[in-house]
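The values are calculated or read from the model by the stated rules, or taken from the named source; none is laboratory data. It should be emphasised that the depicted structure is a prediction, and the values quoted were computed from it without experimental measurement. Cβ placement follows ideal geometry from the backbone for every residue including glycine, while neighbour counts extend to all protein chains displayed. Remember, those area values only see protein heavy atoms, side chains included, never the ligands or the DNA or RNA. Shrake-Rupley method; radii C 1.70, N 1.55, O 1.52, S 1.80 Å.
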Amino acid sequence: MLKLDLSKLEGVISQDQINAMAPEVEAAHAKLYDPAAPGSDFVGWVRLPEDYDKDEFARIQKAAAKIRQDSQVLVAIGIGGSYLGARTALEVLPIDGPEICFVGCSLSPNELQKVIKKVEGKDWSINVISKSGGTTEPAVAFRVFRDLLVKQYGEDADKRIYATTDKARGALKSLADSNGWESFVVPDDVGGRFSVLSAVGLLPIAAGGIDIAELMGGARDAMNAYDKRDMSNPVWQYVAARNLLYRQGKKIELFCTYEPSYSFIGEWLKQLFGESEGKDGKGIFPASAQFTTDLHSLGQYIQDGERHLFETVIYVDDTGCDIAIPYSDDNGDNLNYLAGKPLSFVREMAFQGTLAAHQDGGAPSVVLRLDKMDVRALGELFYFFELSCGISGHILGVNPFNQPGVEAYKKNMFALLGRP
Ligand code: PA5
């Protein structure tokens, strides 16, 4: 299980203050089970690691096996919650099998063109993912790639399209039904940003050769462990700490990782917390940084700029690979003091040094430490943050499960596009 370390908050908030938050956290946690609480229609994710549709899960595994067998490329089409979780898993964990390309997560012709080139002359399939079934970015990308697939495979294209969408509503559902595409369901009570452990995330993740039963197992362990209703629960401690920090003017939470391939954890977290908490004029602004890379860019601001931020650092000891620093006869670079040391040791010292420097500079850190990043650990991490986010949103006094703010740009865009 992950280890939560709040020691780098010393001098900013105390353990007594954290403990005193217990009644507030308890009430907020209970709201996830209260049918009268705001957003109570969208809490299916809370029990999802156990209460998922087992028949559909088997169909997902079967479809993934077929894609792995008949496709060199899977084009996964989706945006926001219909994209970020799968991409995170596929970047963080080792994968094999077909290359998974993501489109529909921007309106960039360049990005579409790159993937069009990738599928040329290859066998490939599409997983189109949209809960509403009508989001512009994925709908446009799907139109482009469906056209290519039909040109390549004719009627057989229908056997290479997998649609993940609402069980009954929306344009994508109607298309899937009328063309006989294999379909998977985004449960009614699971919103986009909480949907990584539904078919939304699971099909592309399984197509990448990742064991989704293990992913669910890790999340299930977390679900059972983090249901504990007292301050020994790391979720409670994290939730209490980040809300206390916010009340002290720490309005930005910078999610930091120390491995470039983990940067999508930050992207996933930005959506999870940004859409859940940023409303009614309130909410911690979620940002992300990739260390040590960004210590040479954002590092100056973090150390010395406006004192309105704190960090949540996700640090993994065993990232799956290590390299020893070689000895040099001439020692022209003066690095022989590190000869024989693994690179992970240097990274650990950078991590410790950064934590201390940022604490001294008034940018305190919450640390989440994992022994290793494997599929179970990722399942746990997903669930840890989902639960923390749901409880935090209720402490803030918002509905954590709606996103009225994302409609504003769409309204203007449709008016400018002349949508009938
Ligand atoms: O969390 C959310 O609900 C959103 O970010 C959606 O995931 C995103 O807008 C994509 O929506 P859809 O799956 O309906 O295409």
Just wondering, is there one or more residues in the stretch 132-139 that are without any contact (Cβ under 8 Å) to a residue 40 or more places away in the chain, open to solvent by less than 70 Å² (accessible area, probe 1.4 Å) and not small (Gly, Ala, Ser)? no
Listed by range, helices (runs of 4 or more DSSP H) wholly within the stretch 1-66 having at least 1 residues that are in the same structural domain as Leu309 (by TED's automatic domain parsing) and of a type in the set (Val, Ile, Thr) are 15-20, 22-31
inquiry  = Just checking, does the stretch 367-376 include any residue being over 18 Å from the mean Cα position of the chain (by Cα), without any contact (Cβ under 8 Å) to a residue 12 or more places away in the chain and not assigned by TED's automatic domain parsing to the domain that holds Ile79?
reply    = no
Test Gly305 against the criterion of being small (Gly, Ala, Ser) and either closer than 15 Å to Pro260 by Cα or buried (at least 17 other Cβ atoms within 10 Å of the Cβ) (or both), and give yes or no. no
### Message
On the basis of being more than 25 Å from the chain's Cα centre (by Cα) and within 16 Å of the ligand (Cβ to nearest atom), does Ala141 make the cut?
### Response
no
Matching residues in the stretch 224-240 (over 17 Å from Leu9 (Cβ atoms) and in contact (Cβ under 8 Å) with a residue 60 or more places away in the chain) number 4
Only one of Glu91, Glu120 is under 25 Å from Trp45 (Cα atoms), more than 16 Å from the ligand (Cβ to nearest atom) and open to solvent by 20 Å² or more (accessible area, probe 1.4 Å), namely Glu91
If we ask which residues in the stretch 373-411 are open to solvent by 50 Å² or more (accessible area, probe 1.4 Å), out of contact with any Asp or Glu (no Cβ under 6 Å at 6 or more places or on another chain), more than 16 Å from the ligand (Cβ to nearest atom) and not in a loop (DSSP other than H, G, I, E, B), their number turns out to be 0
Restricted to the stretch 167-200 and to residues being within 11 Å of the ligand (Cβ to nearest atom) and assigned to a helix (DSSP H, G or I), the residue most open to solvent (accessible area, probe 1.4 Å) is Ala171
Per the filter on the stretch 94-117, residues open to solvent by less than 30 Å² (accessible area, probe 1.4 Å), in a strand (DSSP E or B) and without any contact (Cβ under 8 Å) to a residue 40 or more places away in the chain are Cys101
